[in-house]
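**Q** The structure follows.
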Amino acid sequence: MDEDEIHKQASDLSKKIQESLASEIEAKQLSVVEIPYVKFEVDFNYDASEIGMRTTTDFNKTLLVPKPGLIGSFEHLPEHKRLLETTKNKVEEERAINFLHTLEHTIVRKMLQGVENQTPYAEDVKKSISIWIDDLLANPLHWEVPVWIRGVRINDDIGEEAVELGHGLSIRRPNSSDFGYELPSDEQTRYAPNIDDILSNVPDAILELSLETSFRGAGADTEVENRLDSLLTCLRLYELGSIYAIKRETRPESFMQSIPIPRLASWRPSPPHKYDIGRNDINRLRRFIDTTEKWLSVARTRKNVSSKVEIAIERYGDALLAKESATYVEHSIASSVMCLEALYLPEMFELKLRLSQRVATVLRHFSFDPWKVYNVTKCAYDIRSKFVHGQMLTEREKEKYKKCGSTDIFSAQKIANSVLEYARISILTYLAIIYSTKARKKGFIDRIDRSIVDAITDETISDTATLISAMTPVHSDN
């Protein structure tokens, strides 16, 4: 039986249910109950990232309750029997009965909510039927996923507007309504976030993602998480941004899909690396996310490439996000160097000179001073070697590490910022070349080494640098 016929049967049953319920309403046979509710509201100042006045209001909400046994009475309807037989053809008998009762409960609830709120309910009922049919036929599952993030700020020229970034993704500022809620009083402790957690975890922006997963169940949750992780990786690579999610809320259009209770992430210090986006950044950011997601998808599914690039991205993430990186500049530098090693060193015996040469050779295509890159990378490698062998920098070394081959004396933090930028650009270059040439890591390194020996610019690297520079800010003066 095709989907249109199932929809017709469900709509016929819905009409009968609505007629029955309308008769109860007209005869005033519904019970009226009052449920204690709590409403929480805040004033939020985005510029200050601050929640101000907070108001909690207790009130009673009036709900309509149909007479007991109403759902059971629908079993005698010819429309119920017909749709039940159709449902049994799709799922086993016990599940079929539960499926159909879910639909009937939902239609009754949507109609009563409309009456309670004095609003039309026909479209809500129609939408519920479509969702139920998708559940029954295991059609691709649609999700709405808002994500609170830190590390990206939205400029005043965008303001409160939600900006579309393509493929169902948008970004906006948080507002007062994001922190408020209205819940039954007995559900407050279970579902409402702790206000103290909110005060220390105010988001810089909210991503809103609309997507479909190809299947349902636990695998669908994983598909959603993978897409979110990919998007967060893109945002960390667009500029140096210690970007992470502090709350993820998944809203599947399904009556059967389990929904985890959203929780705030543990508090962590303010992100050390932030960037702003304004209206002039939007087109470039759209293009960057679209392109980088394609690169990541290909790199992560190709044999023998995924482990290398994922290790590099994980180490880059450690340098930006790990608590140890926020505490120890040495940890940030060590993680960044390990990111570069995952991209540029195929063997353990190759040391800092070859790493530094390869990084400098690639970065010169992005208008970096190759001599400066070469020497800063060597300095970073020395700090990394000290750190992994249990040695920390002295306070004097943190302030003035050494000249690193230039007339400027570098602080450890400046080295950390520079090598992080090298890592970001290197990951993007690696992903782009893997995507365009179908080469593996060895092919990527061979291109670099040939250009070192022959002193001839590799057009693939040069073209890649032009492409990436058009999509993302490149800070060659770090």
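**Q** Within the group ILE261, ILE277, ILE282, ILE206, which residue is under 30 Å from LYS414 (Cβ atoms) and of a type in the set (A, V, I, L, M, F, W, C)?
**A** Details: ILE261 fails: under 30 Å from LYS414 (Cβ atoms); ILE282 fails: under 30 Å from LYS414 (Cβ atoms); ILE206 fails: under 30 Å from LYS414 (Cβ atoms).
Exactly one of ILE261, ILE277, ILE282, ILE206 is under 30 Å from LYS414 (Cβ atoms) and of a type in the set (A, V, I, L, M, F, W, C), namely ILE277.
**Q** Also: State which residue is modelled with the lowest pLDDT when the search covers only region 261-304 and only residues that are under 19 Å from the mean Cα position of the chain (by Cα), among the basic types (Lys, Arg) and assigned to a loop (DSSP other than H, G, I, E, B).
**A** ARG268
**Q** Looking only at strands (runs of 3 or more DSSP E) that lie completely in region 105-184, which have at least 3 residues being more than 16 Å from the chain's Cα centre (by Cα)? Steps first, please.
**A** Values: elements: 141-150, 152-154, 163-166, 169-172, 181-184.
Fully inside region 105-184 and qualifying: 181-184.
**Q** For SER367, only one of the following conditions fails: (1) touching a residue at least 60 places away in the same chain (Cβ under 8 Å); (2) crowded, with 18+ Cβ neighbours inside 10 Å; (3) closer than 18 Å to ILE461 by Cα. What is its number?
**A** The single condition SER367 does not satisfy is (2).
**Q** Okay, moving on. Can you tell me how many residues within region 185-219 are among the small types (Gly, Ala, Ser), surrounded by fewer than 18 Cβ atoms within 10 Å (Cβ to Cβ), modelled with pLDDT of 85 or more and not in a helix (DSSP H, G or I)? Break it down stepwise before answering.
**A** Narrowing region 185-219 to residues among the small types (Gly, Ala, Ser): 185, 192, 200, 205, 210, 214, 217-219.
Okay, now just the ones that are also surrounded by fewer than 18 Cβ atoms within 10 Å (Cβ to Cβ), so 185, 192, 200, 210, 214, 217-219.
Subset that is modelled with pLDDT of 85 or more: 185, 210, 214.
With the extra rule that they be not in a helix (DSSP H, G or I), the set shrinks to 210, 214.
Qualifying residue count, region 185-219: 2.
**Q** For region 414-439, how many residues meet the condition of being buried (at least 16 other Cβ atoms within 10 Å of the Cβ) and not in a helix (DSSP H, G or I)?
**A** Number of matching residues: 1.
**Q** Could you list all residues from region 89-106 that are free of Cβ contacts under 8 Å to residues at least 12 places away in the same chain and crowded, with 16+ Cβ neighbours inside 10 Å?
**A** Listed by number, the list is empty, since nothing qualifies.
**Q** I'm told THR222 meets every condition in (1) loosely packed, with under 15 Cβ neighbours inside 10 Å; (2) at pLDDT 95 or above except one. Can you identify the failing condition by its number?
**A** (2)
**Q** Let me ask something else about it. With the condition kept exactly as written, say whether any residue in region 410-421 is more than 35 Å from the chain's Cα centre (by Cα) and without any contact (Cβ under 8 Å) to a residue 60 or more places away in the chain. Spell out how you get there, then give the answer.
**A** Taking region 410-421 as the starting set, the residues that turn out to be more than 35 Å from the chain's Cα centre (by Cα) are 410.
This time we only want the ones that are without any contact (Cβ under 8 Å) to a residue 60 or more places away in the chain, so: 410.
Taking every residue of region 410-421 in turn, at least one turns out to be more than 35 Å from the chain's Cα centre (by Cα) and without any contact (Cβ under 8 Å) to a residue 60 or more places away in the chain.
**Q** Among the residues of region 74-87, write down those that are assigned to a helix (DSSP H, G or I) and either at pLDDT 90 or above or surrounded by 16 or more Cβ atoms within 10 Å (Cβ to Cβ) (or both). Break it down into steps so the answer makes sense when it comes.
**A** Of region 74-87, the ones assigned to a helix (DSSP H, G or I) are 74-76, 78-87.
Matches in region 74-87: PHE74, HIS76, PRO78, GLU79, HIS80, LYS81, ARG82, LEU83, LEU84, GLU85, THR86, THR87.
**Q** Read through the list (1) touching a residue at least 24 places away in the same chain (Cβ under 8 Å); (2) out of contact with any helix residue (DSSP H, G or I) (no Cβ under 8 Å at 6 or more places or on another chain); (3) not hydroxyl-bearing (Ser, Thr, Tyr), then give the number of the only condition that LYS67 fails.
**A** All conditions pass for LYS67, except number (2).
**Q** Among the listed residues LEU77, LEU83, which satisfies the condition of being outside the structural domain of PRO193 (by TED's automatic domain parsing), under 18 Å from ALA138 (Cα atoms) and aliphatic (A, V, I, L, M)?
**A** Details: LEU77 fails: under 18 Å from ALA138 (Cα atoms).
Step by step, each of LEU77, LEU83 is checked, and only LEU83 is outside the structural domain of PRO193 (by TED's automatic domain parsing), under 18 Å from ALA138 (Cα atoms) and aliphatic (A, V, I, L, M).
**Q** Mind listing whichever residues of region 149-184 are modelled with pLDDT of 95 or more, in contact with a Leu (Cβ under 7 Å, 6 or more places away or on another chain) and not hydrophobic (A, V, I, L, M, F, W, C)?
**A** Those that are modelled with pLDDT of 95 or more, in contact with a Leu (Cβ under 7 Å, 6 or more places away or on another chain) and not hydrophobic (A, V, I, L, M, F, W, C): none in region 149-184.
**Q** Considering only residues that are in a strand (DSSP E or B) and loosely packed, with under 12 Cβ neighbours inside 10 Å, which ones fall in region 1-43? Walk me through how you get there before you give the answer.
**A** Of region 1-43, the ones in a strand (DSSP E or B) are 31-43.
The answer is SER31, VAL32, VAL33, GLU34.
The values are calculated or read from the model by the stated rules, or taken from the named source; none is laboratory data. It should be emphasised that the depicted structure is a prediction, and the values quoted were computed from it without experimental measurement. Methodologically, a virtual Cβ is constructed for each residue, glycine included, from the backbone with ideal geometry; neighbour enumeration extends over all protein chains shown.
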